[in-house]
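Okay, so here's the structure we're looking at.
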Amino acid sequence: MINKYEFTSTNINGLFVIDPFYASDYRGFVKKTFEKNIFSEQGILFDPIEEMETTSSKGVIRGLHFQTSYSQAKLIRCARGSILDVAVDLRKDSLTFSKYYSTILSAENRKMMFIPKGFAHGCLSLEDNTTFYYLSDSKYYPEYDGGIAWNDDDLSVDWEFNTEKIILSEKDENLPSFKDFLLKYGSISND
């Protein structure tokens, strides 16, 4: 079985759900998650320089995170288990400013999400020992790390999970509201 790349646009400009190249037979499988030329043909100019790996227990939410400077475009994929992946548009003058898109990424469905610069990103682990990766086109700068509370009333992200069982880091428990984000930053640069 061979599946070629498939790029699906979303209701948010520049945000894509991607099915990677995938070939399988009796030996196992081969999956190609990124090829610069193929992404460029779809209008996605992405030059990754850093990859992060995260493993989480069921119920862990990471996010909603962004960088106030050196905004990162990201390609998210799940290699084990499953996540609900969420991207919130924080780009100045975007027609979908403050809107979010979410989708399930899993080892089983092999889907990926491309998130352009200027977004907050968060994910919820739906299974124990879930591992996901993200390629970024800018390195992580802790001094520019920012975030918005995962359960902010104005954003109203539907995490599709029993919120009484959510596990957060101390940092994520204390993230500010979307209103505070607006007062402090207004938007995130997508340069």
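The values are calculated or read from the model by the stated rules, or taken from the named source; none is laboratory data. Everything numeric here is computed off the predicted structure, so don't read it as measured data. Positions of Cβ are backbone-derived with ideal geometry, glycine not excepted, and every protein chain shown enters the neighbour counts.
Answer with yes or no whether Asp93 is acidic (Asp, Glu) and either in contact with a Gly (Cβ under 8 Å, 6 or more places away or on another chain) or within 27 Å of Glu127 (Cβ to Cβ) (or both).
The answer is no for Asp93.
Report the residue count in segment 1-33 for those that are of a type in the set (A, V, I, L, M, F, W, C), at pLDDT below 95 and assigned to a loop (DSSP other than H, G, I, E, B).
Residues of segment 1-33 of a type in the set (A, V, I, L, M, F, W, C): 1-2, 7, 12, 15-18, 21, 23, 29-30.
Retained after the next criterion (residues that are at pLDDT below 95): 1-2, 21, 23, 29-30.
Okay, now just the ones that are also assigned to a loop (DSSP other than H, G, I, E, B), so 1.
So the count comes out to 1.
Say we look at segment 82-132 and pick out the residues that are acidic (Asp, Glu) and more than 16 Å from Gly186 (Cβ to Cβ); which of these is surrounded by the most Cβ atoms within 10 Å (Cβ to Cβ)?
Among residues in segment 82-132 that are acidic (Asp, Glu) and more than 16 Å from Gly186 (Cβ to Cβ), the one surrounded by the most Cβ atoms within 10 Å (Cβ to Cβ) is Asp85.
Taking segment 28-46 on its own, how many of its residues are surrounded by fewer than 13 Cβ atoms within 10 Å (Cβ to Cβ) and more than 23 Å from Thr131 (Cα to Cα)? Show your work before the answer.
Taking segment 28-46 first, the residues surrounded by fewer than 13 Cβ atoms within 10 Å (Cβ to Cβ) are 28-30, 32, 35-37, 40-41, 43, 45.
Checking which are more than 23 Å from Thr131 (Cα to Cα) leaves us with 36-37, 40-41, 43, 45.
The number of residues fulfilling the criteria is 6.
Every residue, every condition in (1) part of a loop (DSSP other than H, G, I, E, B); (2) out of contact with any Cys (no Cβ under 8 Å at 6 or more places or on another chain); (3) on the phi > 0 side of the Ramachandran plot, yes or no:
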residue: Phe46; (1), (2), (3): yes, yes, no
residue: Met52; (1), (2), (3): no, yes, no
residue: Gln72; (1), (2), (3): yes, yes, no
residue: Asp85; (1), (2), (3): no, no, no
residue: Phe97; (1), (2), (3): yes, yes, no
residue: Ile104; (1), (2), (3): no, yes, no
residue: Glu108; (1), (2), (3): yes, yes, no
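Would you point out the residue of segment 170-191, among those that are in a loop (DSSP other than H, G, I, E, B) and at pLDDT 95 or above, that is farthest from Val88 (Cα to Cα)?
Step one: filter segment 170-191 for residues in a loop (DSSP other than H, G, I, E, B), giving 174-177, 185-187, 189-191.
Checking which are at pLDDT 95 or above leaves us with 174-177.
Numbers: Asn174: 18, Leu175: 15, Pro176: 15, Ser177: 13 Å.
Per the stated criteria, the residue is Asn174.
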